[in-house]
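The values are calculated or read from the model by the stated rules, or taken from the named source; none is laboratory data. In this text the structure is predicted, and so the values were computed from the model without any measurement. Positions of Cβ are backbone-derived with ideal geometry, glycine not excepted, and every protein chain shown enters the neighbour counts.
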Amino acid sequence: MPTRVVQKTVGDYAIVGYSLAGEETTIALPELNVCFDAGRAPREIVPIDTLCVSHGHMDHAAGIPYYLSQRSFIGTSPGRVVIHQRLAPHVAELMACWSKIEGHESPAEIIGVSDGQEVPLRRDLLLRAYAVRHGAFALGFSIIERRHKLKPEYADRTGPQLVELKKQGISIQNTIEVPLVAYVGDTADGPHFDLDHVRNAHLLIMECTFFDPEHVVRAQAGKHIHVRDMRKILPRLRNPHILLGHVTRRTDLRAAKRILQNHIDPVDAERITFLMDRPPRVRKPEAPGI
Ligand SMILES: [Zn+2]
């Protein structure tokens, strides 16, 4: 059965995705042309040019070959997969294996990155990778806009004067970084939540997997976030919008929302959205007489 993705707008961004622990996680931002994790590659992510894969667990990475092959099938440009540099050669091997099985090659651009490395997305937009705490080779990603602002000392100059200054090789602009979206993937609490481009992003996408008191040990063992950790994490975050995913099926989503509200400040509750919290399906009215 195809994945029934959720579509919603959080802050400035339309989100298309699906995220349940151990089953499938993929979260796409079509306006930014970026998808975080492949899940099982629902068709909605295929048109997105850049796929950032946070780590190698199957529920996040299984869709990589299908995403690449579907792009080849519809004749669009090769998909670009950004993944930890230690995993990138394995993805290349996997695609080589698939080309033997299928009898043709699905072209791909596989970019290996490590903590602190950047990949340009557009002229004014970049992707920055950073280490998170979820076993080996796990990365988070931030999408950062670079904006150029006229230095205040040149604010009263006319256009032609500014052109002249530029011609003289004088730098008239400051460059500032505006973090738009941060995705930390699967991770326990760690110093990545204190990075400026993570804690100040307009939208932070993070996991909160476990909610029941008896799941604390499970969260620690799997390096996941338990709702109890949110009390320590949230006061450090300045994000106006936080999207939570990767909730376990062991806890009903309505119960998870209630438990979260009991654990955190009401002001924090206002900035949190659960990805999988979708409106109930509208039932078709029954045909009369049946
Ligand atoms: Zn994982």
| Within the group Arg86, Arg71, which residue is modelled with pLDDT of 95 or more, over 19 Å from the mean Cα position of the chain (by Cα) and within 16 Å of the ligand (Cβ to nearest atom)? | Arg86
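Find the residue count for the range 1-37, including only residues that are without any contact (Cβ under 8 Å) to a residue 40 or more places away in the chain and part of a loop (DSSP other than H, G, I, E, B).
Of the residues in the range 1-37, 4 are without any contact (Cβ under 8 Å) to a residue 40 or more places away in the chain and part of a loop (DSSP other than H, G, I, E, B).
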| query | Which residue, of Asp265, Asp229, is of a type in the set (Asp, Glu), farther than 21 Å from Tyr13 by Cβ and surrounded by 14 or more Cβ atoms within 10 Å (Cβ to Cβ)? | reply | Asp229
| task | Could you grab the pairs with beta carbons closer than 7 Å, sequence gap of 6+ or different chains, first residue in the range 224-252 and touching a residue at least 12 places away in the same chain (Cβ under 8 Å) and away from the ligand (no atom under 16 Å from the Cβ), second one outside any loop (DSSP other than H, G, I, E, B) and of a type in the set (Lys, Arg)? | result | Arg236/Arg199; Leu237/Arg199; Arg238/Arg199; Asn239/Arg199
| Every residue from the range 154-201 that is more than 16 Å from the ligand (Cβ to nearest atom), of a type in the set (Val, Ile, Thr) and outside any helix (DSSP H, G or I) | Thr158, Ile170, Ile172, Thr175, Ile176, Val178, Val181
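Taking the range 109-136, which residues are assigned to a loop (DSSP other than H, G, I, E, B), out of contact with any Asp or Glu (no Cβ under 7 Å at 6 or more places or on another chain) and crowded, with 18+ Cβ neighbours inside 10 Å?
Val132
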